[in-house]
Amino acid sequence: MNEHYPLLTLISLMLFMGILFYLVLKSRIKNESIETYALGSKSFSSFSVALSLAASLTSAATFIINPGFIALYGLSAYLAFGVVMPLSIFVALVVLMKRFRQYGINVKSLTIADWVGKRYGSTFLKIFFGLLSTLLITFIVLICVGITKVLSKALNADELTILIVLVVVVFSYMLAGGTNSMVYTNSLQAVMMIVVAIILLGSGVEYLISSGGEGIFERLAAIDPNLTTTFNSKSPLFRDFFEVVVCNAIVGIAIVCQPHILTKSLLIKKNEQVNKFLTYSILILIVFFSVVITGFYARLNFPDLIYSGELLKMDGIIPAYVVDRFPIYIGILVILGLIAAGLSTLEGLIQAIPTTLTNDLIIPILGKYKKGITAIQINWAITFFVAVASILLSYQQLVSPSLSVGIFAQNGVYAFFSAAFVPVFFGIFTKTTNVYVPIVASLVAVLTHFGIYYLELTPYMDGATVKNPAIASAFAILASTAAGTLIYYTKPMKSEAYAT
């Protein structure tokens, strides 16, 4: 590493954070209510919200963690994360976003839990999904670990110190700004991500151009033949058609049911802007999802996964590739882009999780016993506790991950949207008010997901050192959909029209 790399990276990082703080102060509105904190002033263009959505959907997982899976397991991982899942997400965005917006606007929903509770007229569902939202902290952990890995490599600094500073800074400016700030900062971050995505995609051009009769897959096969097979029987996650295609197709559709994704549609001011917003979003997402190809480049750059005499852990492969591959100034730009990729989703989660816990769990439980405490004050306190939990869990994943922090995050996040899928899907596409449909389906989803994962049910999980959360999630979604459909048709209740 160039001896000036840490200092120049630090200076660049301080300038970048200074710009973010300026945007926070410039866009800040007085957060008199939890509604303005959660939804902002709703005066954004369709392109700005598209940038925000694309940045939120493609976080540190897409730019840092998932390419590491591809570096380790090759084509099978690329098909899962670079083809099947993105296509499923695009379909779900188009199908679900418009319908969610139509109902969400009319009932002024702040969160998925709030939307589900109001849609079915159930306080239990609202509180239940408020409680389940704590699972999304695992995604915060993934992003914190990814950014910490990048910064610790670039700054040559202690990971714990980087982690603590990161959490304190980002949670502080999000607490000050809310959604208005998030949309502006996400837009800046998305523009940086586009630039960095192009740089990363171009960094392996020499590998794509055949040299001496050898193309990229021939070179990968020379390292390990399993890197070029459609299904990698030696991997713990991409062994066959079901794991690579079926599971990731189901997960890709359900992933859109996260609160920081669907609620983006509520930031669009006019209905006629929605199609333009979706078009912009998908075009930007195509560029972002393509970045996982960098995993191939990294493996060719580190055939034995050795860097500076040490064996690379999966989450450290892309940070090492960036520092090793690029000249210092391009490398610093890429590092800032990778940080932007993480911050874009991190900001959405920091806004969504405390808002959900406040609005859908704490306030309904406290009821009249709040005694003058405002919702925004509760939100600040919850944000503090989420920050502390994020530091503790992230440090544990830095020290002793199960292959990757990605596995830890998938287990939590996939469980949440497995539970949310049937309530949101039936809430959008039917007029049923039968509360047993979402309650039973969501309970079945949670029990199935964690039952399969921790009890090691199915041959995929039995005795596995590294377990695949997508397997548990796919079965959970299928089981909950079957349960919800069965109740819907066998125990019909009077359906009442709601505003659409």
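Might you check whether a residue that is closer than 17 Å to Val94 by Cβ, at pLDDT 90 or above and part of a helix (DSSP H, G or I) occurs anywhere in segment 255-263?
no
Any residue in segment 311-328 that is within 20 Å of Ser59 (Cβ to Cβ), surrounded by fewer than 17 Cβ atoms within 10 Å (Cβ to Cβ) and either out of contact with any Pro (no Cβ under 8 Å at 6 or more places or on another chain) or not aromatic (Phe, Trp, Tyr) (or both)?
Within segment 311-328, one or more residues are within 20 Å of Ser59 (Cβ to Cβ), surrounded by fewer than 17 Cβ atoms within 10 Å (Cβ to Cβ) and either out of contact with any Pro (no Cβ under 8 Å at 6 or more places or on another chain) or not aromatic (Phe, Trp, Tyr) (or both).
Out of the residues in segment 62-106 that are of a type in the set (S, T, N, Q) and surrounded by fewer than 22 Cβ atoms within 10 Å (Cβ to Cβ), state the one that is nearest to Pro423 (Cα to Cα).
The extreme case among them is Gln102.
Evaluate the following for Ser281: is it more than 19 Å from Ala77 (Cβ to Cβ), among the hydroxyl-bearing types (Ser, Thr, Tyr) and out of contact with any strand residue (DSSP E or B) (no Cβ under 6 Å at 6 or more places or on another chain)?
yes
Of the residues that sit in segment 173-205 and are more than 24 Å from Leu53 (Cβ to Cβ) and in contact with a helix residue (DSSP H, G or I) (Cβ under 9 Å, 6 or more places away or on another chain), which one is modelled with the lowest pLDDT?
Filtering first and then ranking leaves Gly204.
On the given criteria, is Leu220 crowded, with 16+ Cβ neighbours inside 10 Å, within 22 Å of Phe90 (Cα to Cα) and touching a residue at least 60 places away in the same chain (Cβ under 8 Å)?
Answer is no for this residue.
Condition first: at pLDDT below 90 and assigned to a loop (DSSP other than H, G, I, E, B). Now tell me which residues in segment 206-229 satisfy that.
Selection gives Ile209, Ser210, Gly212, Gly213, Gly215.
Filter segment 439-462 for residues that are crowded, with 21+ Cβ neighbours inside 10 Å and polar (S, T, N, Q); which is farthest from Ile112 (Cα to Cα)?
The qualifying residue farthest from Ile112 (Cα to Cα) is Thr448.
Looking at Phe416, Phe421, Phe408, Phe385, which is the one that is assigned to a helix (DSSP H, G or I) and either of a type in the set (A, V, I, L, M) or more than 22 Å from Ile477 (Cβ to Cβ) (or both)?
Being assigned to a helix (DSSP H, G or I) and either of a type in the set (A, V, I, L, M) or more than 22 Å from Ile477 (Cβ to Cβ) (or both) holds for just one of Phe416, Phe421, Phe408, Phe385, which is Phe385.
For the subset of segment 309-336 comprising residues that are in contact (Cβ under 8 Å) with a residue 12 or more places away in the chain and assigned to a loop (DSSP other than H, G, I, E, B), which member is farthest from the chain's Cα centre (by Cα)?
Here the answer is Phe326.
Going through segment 432-464 one residue at a time, which ones are within 19 Å of Phe242 (Cα to Cα), in contact (Cβ under 8 Å) with a residue 24 or more places away in the chain and either in contact with a strand residue (DSSP E or B) (Cβ under 6 Å, 6 or more places away or on another chain) or not in a helix (DSSP H, G or I) (or both)?
Passing the criteria: Tyr460, Ala464.
Does Lys491 satisfy the criteria of being of a type in the set (Lys, Arg) and farther than 21 Å from Ala254 by Cα?
Answer is yes for this residue.
For Asn275, only one of the following conditions fails: (1) surrounded by fewer than 17 Cβ atoms within 10 Å (Cβ to Cβ); (2) more than 20 Å from the chain's Cα centre (by Cα); (3) modelled with pLDDT of 90 or more; (4) not acidic (Asp, Glu). What is its number?
Against the list (1) surrounded by fewer than 17 Cβ atoms within 10 Å (Cβ to Cβ); (2) more than 20 Å from the chain's Cα centre (by Cα); (3) modelled with pLDDT of 90 or more; (4) not acidic (Asp, Glu), Asn275 comes up short only on (3).
For residues that are among the polar types (S, T, N, Q) and outside any loop (DSSP other than H, G, I, E, B), scanning just segment 388-405, find the one that is surrounded by the fewest Cβ atoms within 10 Å (Cβ to Cβ).
That would be Gln396.
Any idea how many residues of segment 325-369 are in contact with a Lys or Arg (Cβ under 9 Å, 6 or more places away or on another chain) and closer than 12 Å to Met193 by Cβ?
Result for segment 325-369: 1.
Per-residue answers, yes or no, for (1) without any contact (Cβ under 8 Å) to a residue 40 or more places away in the chain; (2) charged (D, E, K, R); (3) in contact with a Leu (Cβ under 8 Å, 6 or more places away or on another chain):
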site	(1), (2), (3)
Thr228	no, no, yes
Leu237	no, no, no
Phe241	yes, no, no
Ile250	no, no, yes
Val256	no, no, yes
Thr263	no, no, yes
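If we keep just the residues of segment 1-43 that are farther than 26 Å from Phe277 by Cα and of a type in the set (S, T, N, Q), which is modelled with the lowest pLDDT?
Asn31
Might you let me know whether segment 354-377 holds any residue that is of a type outside the set (Gly, Ala, Ser), assigned to a helix (DSSP H, G or I), in contact (Cβ under 8 Å) with a residue 24 or more places away in the chain and farther than 30 Å from Ala441 by Cα?
yes
Within segment 55-90, which residues are modelled with pLDDT under 85 and not in a loop (DSSP other than H, G, I, E, B)?
Ala55, Ser56, Leu57, Ala60, Ala61
What residue, of Ile318, Ile353, Ile330, is at pLDDT 90 or above and in contact with a Ser or Thr (Cβ under 7 Å, 6 or more places away or on another chain)?
Ile318
Identify all residues within segment 225-272 that are under 29 Å from Ala71 (Cα atoms), among the charged types (D, E, K, R) and surrounded by fewer than 22 Cβ atoms within 10 Å (Cβ to Cβ); write none if there are none.
If the condition is that a residue be under 29 Å from Ala71 (Cα atoms), among the charged types (D, E, K, R) and surrounded by fewer than 22 Cβ atoms within 10 Å (Cβ to Cβ), then Lys234, Arg239, Asp240 are the ones that fit.
The values are calculated or read from the model by the stated rules, or taken from the named source; none is laboratory data. On a predicted model such as this, the values are computed, not experimentally measured, just so you know. Methodologically, a virtual Cβ is constructed for each residue, glycine included, from the backbone with ideal geometry; neighbour enumeration extends over all protein chains shown.
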